[in-house]
Amino acid sequence: MSLGRALDRFFRHDAAGGILLMASALLALIVANSALSAGYHELLLKKFSILIEGEGLSKPLILWINDGLMAVFFFLIGLELKREMVEGKLKNPADVMLPGLAAVGGMVVPALVFLAFNWSDPVTRGGWAIPAATDIAFAVGVLALLGKRLPAALKIFLLTLAILDDLGAILIIALFYTKELHVDYLFVALLPLAGLYLLNRAGAHRIAPIVLLGTVLWVLVLKSGVHATLAGVVTAFFVPLKDKYGKSPLHSLEHALSPYVLFLIVPVFAFANAGVVLTGLTLGDLFAPLPIGIAAGLVIGKQLGVFGATWLVVRAGWARLPHGVTWAQIYGLACLAGIGFTMSLFIGGLSFDTADNMNAVRLGVLAGSAVSAITGYVVLLMAAQRREAEEEEEEADAAEPAAAVQN
């Protein structure tokens with residue numbers, strides 16, 4: 001097999017995004033603890049500016065990545081959310097209830113677990129939302145490693161839960177991570193917003209005007225103090241699902257952006273944000289309130305929240321488990337929901353601005369996500385093996401009467 005064909009097969013695999021994300025995080029960890037460490041951190045803090053007569057944007061590279069590139073990431077999430085709400089898994093409220101309440105449980109309980117460790121510290125207490133998020137690419141990537149050994153309904157359940165989890169994270173960022181509000185910029189932002197509304201109403205065919213207005217909106221929202229990535233979500237909701245020719249700009253844009261976000265933007269974000277400095281760290285540092293609160297929230301909180309909410313909803317008779325899905329598989333899925341990574345690191349960056357706290361955040365997120373990924377994979381593998389053994393027994397039992405008749 002040629003190298004080109006092998007790479008094509010890799011990038012088409014569902015696990016490719018998660019594997020690349022893991023490789024980027026590992027590379028960041030290696031670089032941050034090598035002779036390249038000083039250069040790595042200096043590069044991330046180097047300022048890049050876009051100025052006109054002294055006015056404009058001047059930010060360190062790390063903020064261009066977290067505020068700029070991640071706006072494209074959130075733009076893609078917004079496109080996925082709109083598509084799912086209009087014609088997909090989120091269209092029918094009955095189908096949303098079970099994963100929706102599981103997502104709520106998977107956000108509330110991890111936050112409470114985190115606060116149990118950090119309530120007494122007013123500084124670290126502000127990171128309560130860090131373990132509340134789930135990384136779609138990573139979680140689906142781990143699930144994909146088991147292939148067809150798991151029912152398709154389980155992947156749909158995980159995707160729906162993760163999408164709703166992202167929606168919850170977006171709302172949390174909007175409501176709790178706006179530090180200083182400049183209302184004048186928000187008023188000016190109504191102009192590109194009105195333009196986006198009119199383009200959507202007219203069923204605009206061209207994507208360029210939408211992207212241009214979305215970029216203007218991003219700059220104004222950034223200047224207003226509201227986190228700029230929200231401009232990506234808002235812009236996405238004004239991309240027409242159908243244009244005046246009956247084609248779908250939303251589908252086209254989502255399809256075109258997905259590989260760039262999955263294989264470029266998210267790995268770059270991971271490389272820039274996952275560099276935990278291990279020099280001088282002891283086991284006691286891992287068990288400090290901030291990292292252990294994050295890790296426990298991701299590992300324990302997500303399992304209790306997702307599995308507990310699912311059990312309560314089914315037990316109450318409000319919904320049923322997806323067809324062919326067992327409780328063991330739901331528990332494995334609840335473990336995978338504890339892979340916070342991208343969104344957890346992102347919210348961590350909004351919560352803290354000191355190097356020591358961010359290093360503790362990275363430590364907690366990486367530890368919690370790694371334990372969740374391994375635990376989820378092992379639980380789902382055991383559940384698949386048990387299911388296969390039961391099916392083999394059923395086939396053997398069914399074959400015995402047939403053999404007796406032939407004799």
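The values are calculated or read from the model by the stated rules, or taken from the named source; none is laboratory data. These figures come from a predicted structure and were not determined experimentally. Glycine gets a Cβ as well: all are built from the backbone with ideal geometry, and neighbour counts include every protein chain shown. Just so you know, the surface numbers come from the protein's heavy atoms only, side chains and all, with ligands and any DNA or RNA stripped out. Shrake-Rupley method; radii C 1.70, N 1.55, O 1.52, S 1.80 Å.
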Handout entry: Sorted peptide list for 160-173, 351-364, criterion being average Cβ within 10 angstrom, highest first
Key = 160-173, 351-364
Problem - Solvent-accessible area, 1.4 Å probe, carbon plus sulfur percent, for the chain - result: 66
Practice task
Could you go through the range 92-103 in sequence order and give the Karplus-derived ³J(HN,Hα) for each residue, using 6.51 cos²θ - 1.76 cosθ + 1.60 with θ = phi - 60°, rounded to whole Hz, and x for Gly and Pro?
Solution key: 9, x, 5, 6, 8, 4, 5, x, x, 5, 5, 5
Problem - Rg [Å, one decimal], Dmax [Å, integer] - the range 182-224, C-alpha atoms - result: 10.8, 34
Handout entry: Distance cut-off 26 Å, percentage of C-alpha pairs in the range 1-159 lying past it
Key = 53
Problem - GluC sites (Glu not before Pro), loop per DSSP, at most 13 other Cβ atoms within 10 Å - longest free stretch of the chain - result: 181-407
Handout entry: Phi-based couplings in Hz for the range 38-48 (Karplus 6.51, -1.76, 1.60; Gly and Pro marked x)
Key = 4, x, 4, 6, 5, 4, 5, 9, 5, 7, 10
Completion exercise
For semi-axes √(5λ) of the Cα gyration tensor in Å, with candidates (i) 43, 21, 19; (ii) 37, 28, 21; (iii) 36, 27, 17, the value calculated from the shown model is option (ii)
Fill in the blank from the handout: Residue-normalised 222 nm signal for the chain, counting each DSSP H run of n ≥ 4 as -39,500 (n - 2.57), nearest 500 deg cm²/dmol, is -22000 deg cm²/dmol
Practice task
Apply the Karplus parameterisation 6.51 cos²θ - 1.76 cosθ + 1.60, with θ equal to phi minus 60°, to every residue of the range 107-120 and state each ³J(HN,Hα) to the nearest whole Hz, in sequence, with x for glycine and proline.
Solution key: 9, 6, 5, x, 5, 5, 4, 4, 5, 4, 8, 10, 4, 6
Exercise for the section: Rank these residues by their accessible area, most exposed first, probe 1.4 Å: LYS223, LYS247, LYS82. Expected result: LYS247, LYS223, LYS82
Completion exercise
Rh (Kirkwood, all Cα-Cα pairs) for the range 14-77, Å, reads 13.9
Fill in the blank from the handout: For the range 229-334, listing chymotrypsin sites (Phe, Trp or Tyr not before Pro) in a DSSP loop whose Cβ sees at most 12 other Cβ atoms within 10 Å gives TYR245, PHE287, TRP318
Handout entry: Under 19 Å from LYS223, Cα to Cα: lysines that are on another chain or at least 8 residues apart
Key = LYS47, LYS59, LYS179
Exercise for the section: Return the Rg/Rh value of the range 147-232, two decimal places, where both radii are evaluated on C-alpha atoms and Rh is the Kirkwood radius. Expected result: 1.14
Fill in the blank from the handout: Here, chymotrypsin sites (Phe, Trp or Tyr not before Pro) of the range 58-167 satisfying both criteria (DSSP loop; at most 15 other Cβ within 10 Å) are TRP119
Handout entry: When each of LYS46/LYS82; LYS46/LYS302; LYS242/LYS302; LYS89/LYS247 is checked by Cα-Cα distance, pairs over 27 Å
Key = LYS46/LYS82; LYS46/LYS302; LYS242/LYS302
Fill in the blank from the handout: So the angle from the long Cα axis of helix 327-336 to the longest Cα principal axis of the chain, reported in degrees to the nearest 10, equals 30
Exercise for the section: Order the peptides 224-236, 140-152, 93-105 from the highest to the lowest mean number of other Cβ atoms within 10 Å of their residues. Expected result: 224-236, 93-105, 140-152
Problem - Dmax and Rg, reported as Rg then Dmax, of the range 301-343 (C-alpha, Å) - result: 11.1, 35
Problem - Cα-derived Rg to Rh of the range 75-166, Kirkwood definition - result: 1.05
Practice task
Return the whole-Å distance between the Cα centroid of the range 285-352 and the Cα centroid of the range 52-119.
Solution key: 16
Completion exercise
Sorted largest first, the C-alpha extents of the range 114-178 along its principal axes in whole angstrom are 47, 24, 14
